[in-house]
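Visitor: Pasting a structure below so you can have a look.
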């Protein structure tokens, strides 16, 4: 399959899923009342998908690579904030583990995509 738009990228689709899941878990209980952490983790999650899309729309591979690096940094930020949310008992362990694993998968996919851009 040929990638024609950023929506065709599986890594973008998974990052969209991450954003939706983050919005869902941060809309409940004590997490919804911690406005600073709630807003920060939401921004970081949305940043992942947004940077993939923006980089895809750029004119050069070098710019796309840079945006993928920013997206990878944002996914690490989400992981960090998930640890804090778990420690504060804002999320259940199973939610933390599921979201953390999704973050790791996205990070691996971003690294692989960046490497494929380097090779081409």
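Visitor: Pairing the Cα long axis of helix 93-119 with the longest principal axis of the chain, what angle in degrees results, from 0 to 90 and rounded to the nearest 10?
Guide: Once rounded, the angle reads 10 degrees.
Visitor: Using Cα atoms only, what is the angle between the long axis of helix 61-87 and the major principal axis of the chain, expressed in degrees (0 to 90) to the nearest 10?
Guide: 10
Visitor: So for the pair residue 32, residue 111, with labels modelled 7 Å out along Cα→Cβ, what separation do we get in nm?
Guide: Here the answer is 3.7 nm between the modelled labels.
Visitor: What residues from region 77-120 fall in the zone where the backbone N is under 20 Å from a label point 7 Å along the Cα-to-C-beta line of residue 3?
Guide: Correct set: 102-120.
Visitor: Tell me, 4, 86 in order of fewest to most beta-carbon neighbours within 10 Å? Mind showing how you got there, number by number?
Guide: Details: 4 7, 86 17.
Final ranking by Cβ density, sparse to dense: 4, 86.
Visitor: Starting from the Cα-Cα distance between residue 10 and residue 89, subtract it from 0.36 nm times their residue separation and give me the gain in nm to one decimal.
Guide: Working: separation 79, 0.36 × 79 = 28.44 nm, distance 3.13 nm.
Extending this stretch completely gives an extra 25.3 nm.
Visitor: Here's a follow-up. Please check: in the Gaussian network model of the chain (C-alpha springs, under 10 Å), which one of 62, 85, 45 has the largest mean-square fluctuation.
Guide: Answer for the Gaussian network model of the chain: 62.
Visitor: In Å, the Kirkwood hydrodynamic radius of the chain over pairs of distinct alpha carbons?
Guide: On the way: mean 1/r = 0.0687 Å⁻¹.
It works out to 14.6 Å.
Visitor: Any chance you could give the angle, 0 to 90 degrees and rounded to 10, that helix 10-25 forms with the longest Cα principal axis of the chain?
Guide: In the chain, helix 10-25 runs at an angle near 20 degrees to the longest axis.
We did not get these values from a lab; they are worked out from the coordinates using the rules stated. Nothing here was measured: the structure is a model prediction, and the numbers come from that model. Note that we place each Cβ from the backbone using ideal geometry, even for glycine, and neighbour counts take in every protein chain shown.
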